[in-house]
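The values are calculated or read from the model by the stated rules, or taken from the named source; none is laboratory data. Here the structure is a predicted model, which is why all the values come from computation and not from measurement. Quick reminder, even Gly has a Cβ in these numbers, built from the backbone with ideal geometry, and neighbours come from all protein chains shown. Surface accessibility is based on the protein's heavy atoms, side chains included, excluding ligands, DNA and RNA. Shrake-Rupley method; radii C 1.70, N 1.55, O 1.52, S 1.80 Å.
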Amino acid sequence: MEEEFEITLEDYLSCHWEHSPLDGQDICYDSLVRSLQEAHAETSQNNQRKVLALLIQLADFIFTPEEGTNPFKPSWRNYEEGVRSVLPKDIGPQTIEVLVSILPHLEDPLLKARLADVVWLAGRDRHYAKIAIEAYCDPSNIENTSEYTLKDNLMRAFVLGHQLKLSDTTRSIAETVVTLLDAHKVKLPEQMLLLAEMLHRNNFDDLNLTEPLLRKFQVTIEEMGLNLRDQHRYSLAQRAFALASSRALKSKDAESSNRLKAYEGTSYYKLAQQCESLRPYEAHLYATKALATLRQVQRDFRKPHSVDELIAEVRRALPRYGKKMSESMSSSFSAEPVKISELTDDALKRVIGTPTAESAVSKLAYLAPTNLFFSTMEEEQKRPPSFFSAFFSETMHLGAEGQVLAKGKDSGSVAMQTFEAISQLYMRGCVLPAMEQIDLEHNVDIELFEGLCKQSPVIPDQQSRVIAHGLYLGWCRDLTSAIYILAPHLENMMRRLLKDAGALTTHDGNDAVSREHGLGTLLQIPECESILGKEFTKELQVIFTDVIGYNIRNHVAHGLMADNAGQSLIGLHAWWITLRFIFDGLYGKI
């Protein structure tokens with residue numbers, strides 16, 4: 001609901017406010033807010049306090065400059081009471097008129113940019129967006145503001161110019177950014193790098209920049225990367241080299257593009273070495289990316305940068321990182337040590353020497369069975385009852401907060417413990433070693449998974465790219481992120497299969513509104529077993545929806561996933577069985 005604030009132009013003018021940062025402080029939005037707060041505290045005039053209070057709220061927005069139509073977020077929010085600080089859409093038309101009248105009297109470019117942007121977002125003429133752009137790009141804003149604020153201002157100005165199709169404005173802002181990217185003067189390279197990446201994402205090549213300026217952009221970004229590498233800030237260095245390499249590739253500068261690609265791969269490997277002892281998962285991820293990046297360097301350009309030697313070194317390091325990652329991927333269940341060498345040897349024999357990455361990943365999807373829990377339950381039922389099994393079959397299965405999740409003779413607790421141990425055995429001894437071997441022989445990139453998802457009929461056309469992204473994250477061992485993408489999409493894939501089979505996937509509530517079933521209910525629909533088979537259906541239930549199982553879908557949906565739960569052999573099993581599901585669809589098995 002719109003709100004009118006009891007303020008006038010005269011109220012503002014009578015404040016005689018000036019933006020006064022602290023000694024030694026760069027001008028920024030924090031200094032703007034503090035300066036307005038000081039003026040608010042010093043005046044006893046109620047009308048002045050009202051106008052200053054509103055200006056404080058406008059200046060104190062959380063600023064997300066790349067979000068074109070929603071760059072401002074509330075500075076505070078009380079979820080229990082359902083209240084928050086003001087947003088542009090909350091301001092009534094009369095108050096907007098007062099802000100419009102204040103604009104010509106504002107000398108501070110930060111506050112002027114903010115008020116003009118608020119007026120524009122409130123639905124006024126594009127003239128106010130142009131005023132905001134001019135204020136964001138004001139020379140005093142560029143010269144005297146902190147690099148955080150400078151980055152945000154120029155980003156917002158560029159996005160506004162892009163929205164309004166002001167080609168001269170966006171070109172001018174791009175030229176300003178290139179001028180600012182002097183690697184020897186930048187205090188906060190991460191901020192300037194964000195600016196450069198933003199330009200690259202937003203049709204940089206459509207701005208008709210001169211060839212010398214484009215060349216300067218590439219060279220200064222490379223210099224920034226070299227400086228960051230010398231400071232051992234390899235994560236930022238990798239981003240800088242990747243950006244500069246992309247620019248060199250667009251300008252058809254093969255020598256520079258390959259050199260920068262070698263620098264990027266080396267930075268990835270340095271990151272892997274930094275993470276090895278404390279974060280083996282990240283070490284393996286970075287080493288995998290290093291290998292993929294170094295392999296992109298063309299043969300003719302490898303020798304000056306010792307690329308082949310570095311590839312060999314990364315390949316030797318990958319099994320070590322993989323072993324450490326495997327050791328750290330333990331779930332809450334502790335099983336007796338099991339010899340898995342035969343399982344590993346068999347898995348490696350099946351993937352070693354595969355001619356293409358596609359065929360290798362296809363073989364990976366069929367390395368482990370999909371009836372582990374079903375066969376475990378059958379074995380448990382065949383065993384003669386013992387005191388131990390009788391005792392546990394009558395106990396309750398408790399959740400993390402002590403709530404009863406399942407109880408009685410059919411709770412499956414004992415079978416679940418056995419399944420978890422066998423699951424770990426196959427993931428650690430079979431799937432992980434095979435993935436590491438495939439990484440050594442092939443460059444598995446996101447395009448491979450995009451091709452798979454476009455061909456598999458179980459995936460909707462409009463979701464193939466996001467599901468491919470989830471599969472690729474899992475391949476890069478970022479299992480938690482992969483699960484958050486794949487679990488809800490598995491539900492949608494299952495829903496589509498059931499609908500195609502004629503099953504009813506909705507239910508009507510007391511309000512006569514039709515609602516879709518969740519994955520747990522979908523997997524209990526009789527047609528599900530006809531589509532997937534009884535064993536595969538039960539496997540999906542134990543991994544994604546059963547309360548006595550991993551229950552991954554509900555942990556993801558309700559924000560219950562612990563930090564280490566996804567990044568584990570459990571997460572690997574969820575990722576792998578989703579990959580299997582998609583391949584089964586491709587091969588007509590479901």
Exactly one of S14, S101, S44 is more than 39 Å from the chain's Cα centre (by Cα), surrounded by fewer than 12 Cβ atoms within 10 Å (Cβ to Cβ) and among the hydroxyl-bearing types (S, T, Y), and that one is S44
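Per-residue answers, yes or no, for (1) at pLDDT below 90; (2) on the phi > 0 side of the Ramachandran plot; (3) open to solvent by 60 Å² or more (accessible area, probe 1.4 Å); (4) in contact with a His (Cβ under 7 Å, 6 or more places away or on another chain):
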residue	(1), (2), (3), (4)
S328	yes, no, yes, no
K339	yes, no, yes, no
L364	no, no, no, no
T376	yes, no, no, no
F388	yes, no, yes, no
L398	yes, no, yes, no
Tally time: how many residues in the stretch 121-157 are assigned to a loop (DSSP other than H, G, I, E, B) and touching a helix residue (DSSP H, G or I) at 6+ places or on another chain (Cβ under 6 Å)? 3
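Only one residue in N227, N258 is assigned to a helix (DSSP H, G or I) and over 18 Å from S306 (Cα atoms). Which one?
Values: N258 fails: over 18 Å from S306 (Cα atoms).
Criteria check complete, one pass: N227.
Of the residues D108, D60, D90, only one is touching a strand residue (DSSP E or B) at 6+ places or on another chain (Cβ under 6 Å) and either surrounded by fewer than 18 Cβ atoms within 10 Å (Cβ to Cβ) or under 22 Å from D138 (Cβ atoms) (or both); which? Give the derivation first.
Details: D108 fails: touching a strand residue (DSSP E or B) at 6+ places or on another chain (Cβ under 6 Å); D60 fails: touching a strand residue (DSSP E or B) at 6+ places or on another chain (Cβ under 6 Å).
Answer to the check: D90.
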Within the stretch 345-358, does at least one residue satisfy the condition of being out of contact with any strand residue (DSSP E or B) (no Cβ under 8 Å at 6 or more places or on another chain) and at pLDDT below 80? no
Provide a single number: the residues in the stretch 251-306 that are buried (at least 18 other Cβ atoms within 10 Å of the Cβ), over 28 Å from the mean Cα position of the chain (by Cα) and among the aromatic types (F, W, Y). 0
Matching residues in the stretch 415-436 (open to solvent by 40 Å² or more (accessible area, probe 1.4 Å) and not aliphatic (A, V, I, L, M)) number 4
Consider only pairs whose beta carbons are under 7 Å apart and that are at least six residues apart or on different chains; among these, list those whose first residue lies in the stretch 449-469 and is more than 20 Å from A357 (Cα to Cα) and whose second residue is outside any helix (DSSP H, G or I) and of a type outside the set (S, T, N, Q). V458/I590
Please determine, by comparing only the residues of the stretch 217-235 that are more than 16 Å from Q191 (Cα to Cα) and touching a helix residue (DSSP H, G or I) at 6+ places or on another chain (Cβ under 6 Å), which one is least open to solvent (accessible area, probe 1.4 Å). Q218
Cβ pairs under 8 Å, 6+ apart, first in the stretch 363-391 and more than 19 Å from P433 (Cα to Cα), second modelled with pLDDT under 75 and part of a loop (DSSP other than H, G, I, E, B): M377/G412; S389/R383
Go through (1) buried (at least 18 other Cβ atoms within 10 Å of the Cβ); (2) polar (S, T, N, Q); (3) under 29 Å from the mean Cα position of the chain (by Cα) one by one and return the number of the condition Q163 breaks. (1)
